[in-house]
Amino acid sequence: MAFLIVAPDMKTASWVKHLSALDSAIDIRVWPQVGNADDIEFALCWNHPPGEFKKYKNLKCIASLGAGVDHIVRDPDLPAAVPVTRVVEPSMAQSMSEYAVLGVLNYCRQFDLYRSDQSQKKWQPRIPLLAADMRIGIMGLGQLGKDTAKKLSNLDFPVTGWSQTPKDIDGVKCFAGEDALDVFLSRSRILICMLPLTPKTRGILNHETFHKLPAGAYVINVARGQHLVEKDLLAAVDSGQLDGACLDVFEVEPLPENHPFWSNPKIIVTPHISSLTYPKAVAPQIIDNYHRMKSGKALLHRVDIKRGY
Ligand SMILES: NC(=O)c1ccc[n+]([C@@H]2O[C@H](COP(=O)([O-])OP(=O)(O)OC[C@H]3O[C@@H](n4cnc5c(N)ncnc54)[C@H](OP(=O)(O)O)[C@@H]3O)[C@@H](O)[C@H]2O)c1
């Protein structure tokens with residue numbers, strides 16, 4: 001029986017190296033060199049070709065290479081009986097929190113303006129935006145959002161969070177459910193999106209949402225490009241409703257060369273790097289799940305497919 005890595009857009013050598021180092025007896029294959037499809041019991045994947053998994057009749061686990069599973073759930077031919085798992089790793093939360101804290105501090109301390117002043121040899125002190133006035137609203141209080149909320153709260157930013165079900169996080173005012181969205185937004189001077197992509201959250205960063213934020217709000221999106229209606233963001237930045245945005249994820253990636261985000265001085269673009277999956281850090285939990293699958297034990301970090309995350 002075999003373990004298959006299906007990640008057409010990724011370099012997989014490091015995954016093979018770290019997985020094999022933990023258990024050299026596993027027959028690891030890399031798509032499209034699948035061999036006999038009936039051998040495949042475990043699939044580790046990122047952006048697999050839709051319909052691929054229905055070819056493997058002995059498949060017992062589909063594991064996402066990252067924290068998100070939207071790339072799996074969107075496959076209309078996903079075999080319903082095969083459990084899906086995702087990555088939950090402290091280094092991912094740490095990395096995401098670092099990005100969010102950097103995005104917030106960069107904005108509040110106006111570092112973009114100072115870099116631009118420096119290029120013109122201009123000495124131009126500005127009054128910083130005070131942490132106490134910058135209420136942060138975090139959409140999604142899961143593995144990533146909760147860690148970010150705690151870290152920003154520790155820096156004395158007032159932090160509010162929004163999730164599907166109620167939460168209790170020290171120092172963080174928590175709201176839950178659609179009914180609480182408007183009041184959550186009305187308090188969020190800086191809005192950070194850390195939601196999974198589901199039918200309910202697709203396009204949630206839109207014109208209506210932006211106009212429920214305080215005027216001159218700032219948006220950070222580190223979740224998925226499809227959460228954001230890009231033309232609505234541009235319009236909100238142009239009108240001044242938003243003071244700017246820091247974006248790590250986009251509708252189309254890589255961001256096309258002619259995309260207006262590239263040249264907008266109010267928008268920071270990074271190439272989907274806010275929280276990467278490190279094969280060395282994550283391989284142990286993947287191998288653990290492989291052994292659990294083999295011995296019929298409960299899998300770690302199983303995803304609720306109906307809920308979509
Ligand atoms: N850019 C990157 O490099 C990168 C890296 C890793 C992950 N991500 C993205 O970040 C997402 C979040 O990751 P995670 O590990 O924190 O996920 P998670 O642990 O599953 O947490 C998701 C959070 O979102 C909330 N939520 C889901 N649907 C909601 C809705 N309709 N309304 C309100 N709240 C809702 C959940 O509420 P409950 O707690 O009540 O269920 C939960 O708090 C991933 O799905 C992925 O898309 C991006």
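The values are calculated or read from the model by the stated rules, or taken from the named source; none is laboratory data. Everything numeric here is computed off the predicted structure, so don't read it as measured data. Note that we place each Cβ from the backbone using ideal geometry, even for glycine, and neighbour counts take in every protein chain shown. Side chains are part of the model used for accessible areas, which takes the heavy atoms of the whole protein and leaves out ligands, DNA and RNA. Shrake-Rupley method; radii C 1.70, N 1.55, O 1.52, S 1.80 Å.
Whenever you get a sec, line up HIS211, HIS18, HIS272 from highest to lowest accessible area (probe 1.4 Å, protein heavy atoms).
On the way: HIS211 95, HIS18 40, HIS272 60 Å².
So, going from the largest accessible area down, we get HIS211, HIS272, HIS18.
Between region 150-183 and region 21-95, how many Å separate their Cα centres?
Measuring centre to centre over Cα atoms gives 33 Å.
Tell me the mean residue ellipticity at 222 nm calculated for the chain from its helices only (DSSP H runs of n ≥ 4, each -39500 (n - 2.57), averaged over every residue, nearest 500). Provide the component values of the computation, followed by the final result.
Numbers: 9 runs with 94 residues, N = 309.
About -9000 deg cm²/dmol.
Applying a 10 Å radius around every beta-carbon, put 4-11, 188-195 in order of their mean neighbour count, most first.
On the way: 4-11: 16.5, 188-195: 26.6.
With the highest mean Cβ count within 10 Å placed first, the list reads 188-195, 4-11.
Ignoring solvent entirely, what values of log10 I(q)/I(0) come out of the Debye formula for the chain at 0.13 Å⁻¹ when each Cα is a single scatterer?
-0.96
Ordering ASP182, ASP117, ASP38 by accessible area with a probe of 1.4 Å, largest first, what comes out? Please list the in-between numbers first.
On the way: ASP182 75, ASP117 5, ASP38 55 Å².
Output order, biggest surface exposure first: ASP182, ASP38, ASP117.
Rounded to the nearest percent, how much of the accessible area of the chain (1.4 Å probe, protein heavy atoms only) is carbon and sulfur? Don't skip to the end; give the middle numbers.
Details: 8310 of 15350 Å².
Roughly 54 percent, rounded to a whole number.
Residues of the chain: accessible area per residue at 1.4 Å, in Å²? The partial results should precede the final answer.
Details: 15350 Å² over 309 residues.
Counting only protein heavy atoms, the per-residue value for the chain is 50 Å².
So who's got an amide H within less than 5 Å of the one on ARG29, skipping anything under 5 residues away but keeping other chains? H placed 1.01 Å off N, in plane.
PHE3, LEU4, ILE5
Largest first, what is the accessible-area ranking of LYS294, LYS151 with a 1.4 Å probe? Before the final figure, lay out the partial values.
Details: LYS294 105, LYS151 65 Å².
From most exposed to least exposed: LYS294, LYS151.
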